[in-house]
């Protein structure tokens, strides 16, 4: 598998983040992506690829994260990613059952698993990360590439540096006054990155001066809580409460970040909810899916603030990790401003977990 494989069907045109975005789309469609690096690999997403695509691969292997492997009691011989041998007649449905913990009760008997002990190349981690970027389960089937057969090609290095490039490419698209209930003197500012992913937004309330720390709330989008009024979390009250608190203070900024489900996406968040119904807490559910407890990226928030002219904030949060992450991204946090709301029967366990396991100061 040494050396780079070329194919006339695989383009390398455009900026790296645009090529990563095309690879993401390809993976979501169930087609193969060729990932170049020290050992090139063809990669298929377990969640979307058909059996026909699997049968075209020579000696395929299933890659899953350590978080998922620990759930399945698989020995961890390699860092971060585990490679499993695949039976010759395996179907994608079987592999998806290995990758998706929401199916564990339906298919409780799995294994025995043969975890490979040889060191994995950079392309292995890049393949799993690409699945995460696609909002899919972090599990892929990989194999040695043939002369052709992939719909997209991308370098492993472009995948590993993707988030940093997204931050650097972020720009303000437009802004407009949008009076809000409880904050009539508000302006919305739209931000777009070069990958064409969903936009982020800032709600600027009043006219906060740039020469002093600005009262700021970072809010990750929550379709179920913000829009539908879900009672499983406290996102809706936090969003509306933040705009009201900032308006009452006279000025400030709310950043609305397109990072649903702590960065794992809405579909994976719904899978996590199903696991919570089986008795796992919110962080255990994410980890059983193969994700970290929190996959959000705060470089985007820092860049948004900098584009607006701010480099220092009074941060409305109960999460010390947000403070540390924002400061590591270059924004000074002069003060942590508590921001919490009473628990109720539906979200009490969720808030208890955030306090006990996430260190939230609730």
Scan of the stretch 275-307 for residues that are over 30 Å from residue 45 (Cβ atoms), surrounded by fewer than 19 Cβ atoms within 10 Å (Cβ to Cβ) and in contact (Cβ under 8 Å) with a residue 40 or more places away in the chain, ordered by number: 307
Residue in the stretch 78-85 that is on the phi > 0 side of the Ramachandran plot, in contact (Cβ under 8 Å) with a residue 12 or more places away in the chain and within 23 Å of the chain's Cα centre (by Cα) present: yes
Residue in the stretch 329-348 that is modelled with pLDDT of 90 or more and either in the same structural domain as residue 100 (by TED's automatic domain parsing) or at positive phi (or both) present: yes
Failed criterion for residue 146 (all others in (1) touching a helix residue (DSSP H, G or I) at 6+ places or on another chain (Cβ under 8 Å); (2) in a loop (DSSP other than H, G, I, E, B); (3) surrounded by fewer than 16 Cβ atoms within 10 Å (Cβ to Cβ) hold): (1)
For residue 255: the one exception among (1) free of Cβ contacts under 8 Å to residues at least 60 places away in the same chain; (2) more than 20 Å from residue 225 (Cβ to Cβ); (3) surrounded by 17 or more Cβ atoms within 10 Å (Cβ to Cβ): (2)
Test: residue in the stretch 57-67 that is in contact with a strand residue (DSSP E or B) (Cβ under 6 Å, 6 or more places away or on another chain), assigned to a helix (DSSP H, G or I), touching a residue at least 24 places away in the same chain (Cβ under 8 Å) and surrounded by 18 or more Cβ atoms within 10 Å (Cβ to Cβ): no
Qualifying residue in the stretch 321-336 (condition: over 17 Å from residue 135 (Cβ atoms), assigned to a loop (DSSP other than H, G, I, E, B) and free of Cβ contacts under 8 Å to residues at least 12 places away in the same chain): no
Of the criteria (1) surrounded by fewer than 17 Cβ atoms within 10 Å (Cβ to Cβ); (2) within 16 Å of residue 101 (Cα to Cα), which one residue 330 fails: (2)
So residue 181, is it in the same structural domain as residue 253 (by TED's automatic domain parsing), under 30 Å from residue 244 (Cα atoms) and within 17 Å of the chain's Cα centre (by Cα): no
The lone exception for residue 176 - which of (1) part of a strand (DSSP E or B); (2) touching a residue at least 60 places away in the same chain (Cβ under 8 Å); (3) loosely packed, with under 14 Cβ neighbours inside 10 Å it fails: (2)
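The values are calculated or read from the model by the stated rules, or taken from the named source; none is laboratory data. Owing to the predicted nature of the structure, the values given are computational and were not obtained by experimental measurement. A quick note on method: Cβ atoms are made from the backbone with ideal geometry, for glycine too, and the neighbour counts reach across all protein chains shown.
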